[in-house]
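Engineer: Got a structure for you, questions after.
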């Protein structure tokens, strides 16, 4: 053991902080790993899981070695909480996968449908009956990164439109064309 790791500063300040950082890393990695599994991106998940558990083991080992130090416990728990938040931010920024946007509006949706199609989105619409009378229901499947832009278009069309967003685990390839996130060109998946 080197001299610095035996000091009071290391054991009561540096070590709890390192445990805190390790937990942020491993919990963030776990969030991303679960997201990849949920989105059927199974090739990276085992590799991320390997490093995630390796980091967790190193942090937990330090807890066991330093059972006398309650600041290590606080660093461990605080890193878990912070890692959960950081993992959610990373997952949101990655925006991997597709989602279905369902729009329900009492206003005639013909203009909205035309606008969405003009911007390269595939649209399916049906008429329905709701508690307040006739409604148009519009469905479109888009990359997760496209959702904020699409919601802005819907709100321009009708600020009172009701919409839901759902994750899609998989998509069949028979005839579904989706807009690329970086251009208006369409591509088959």
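Values quoted throughout were computed directly from the atomic coordinates according to the rules given, and no laboratory measurement underlies them. Keep in mind that what you see is a predicted model, and the values were worked out from it rather than measured. Glycine gets a Cβ as well: all are built from the backbone with ideal geometry, and neighbour counts include every protein chain shown.
Engineer: Per residue, what volume in Å³ does the convex hull of the Cα atoms of the chain enclose?
Structural biologist: Values: hull volume 31.7 nm³, N = 189.
Per residue, the Cα convex hull of the chain comes to 168 Å³.
Engineer: Shifting gears a bit: Can you give the angle from 0 to 90° between the axis of helix 45-65 and the longest principal axis of the chain, with both taken from C-alpha atoms, to the nearest 10?
Structural biologist: Relative to the chain, helix 45-65 is tipped by roughly 30 degrees.
Engineer: If you line up the long axis of helix 15-38 against the longest principal axis of the chain, both from Cα atoms, how many degrees apart are they, to the nearest 10?
Structural biologist: Orientation of helix 15-38: about 30 degrees from the principal axis.
Engineer: I've got another one for you. Which length gain, in nm to one decimal place, applies between residue 65 and residue 114 when the Cα-Cα distance is subtracted from 0.36 nm times their residue separation?
Structural biologist: Details: separation 49, 0.36 × 49 = 17.64 nm, distance 6.49 nm.
Full extension of this stretch gives 11.1 nm more.
Engineer: Next question. Residue 164 to residue 7: extension gain in nm, 0.36 nm per residue of separation minus the Cα-Cα distance? Don't skip to the answer; put the middle values down first.
Structural biologist: Values: separation 157, 0.36 × 157 = 56.52 nm, distance 5.57 nm.
The span from residue 164 to residue 7 would gain 50.9 nm if fully extended.
Engineer: Here's another thing I want to ask about it. To make sure I understand, if each residue's beta carbon is the centre and we count other beta carbons within 10 Å, what order do 25, 72 fall in, fewest to most? Spell out each step's value before the answer.
Structural biologist: Values: 25 18, 72 24.
Ranking 25, 72 by Cβ neighbours within 10 Å, fewest first, gives 25, 72.
Engineer: If R₀ is 22 angstrom, what is the calculated FRET efficiency for the pair residue 42 and residue 81, using the beta carbon separation as r and rounding to 0.05? Numbers along the way, then the final one.
Structural biologist: Working: r = 28 Å, r/R0 = 1.29.
Computed FRET efficiency for residue 42 and residue 81 comes out at 0.20.
Engineer: Further question: Within 10 Å of each residue's Cβ, count the other Cβ atoms and sort 28, 172 from fewest upward. Don't skip to the answer; put the middle values down first.
Structural biologist: Values: 28 22, 172 7.
Lowest count first: 172, 28.
Engineer: Using helices alone, what [θ] at 222 nm do you get for the chain, with -39,500 (n - 2.57) per DSSP H run of 4 or more residues, divided over all residues and rounded to the nearest 500? All intermediate terms of the calculation are to be shown ahead of the outcome.
Structural biologist: Numbers: 5 runs with 90 residues, N = 189.
Helices in the chain give a 222 nm mean residue ellipticity of -16000 deg cm²/dmol.
Engineer: Could you tell me what fraction of 2.2 N^0.38 Å the Cα radius of gyration of the range 4-94 comes to, as a two-decimal ratio? Don't skip to the answer; put the middle values down first.
Structural biologist: Details: Rg = 14.5 Å, N = 91, 2.2 N^0.38 = 12.2 Å.
That works out to 1.19 for the range 4-94.
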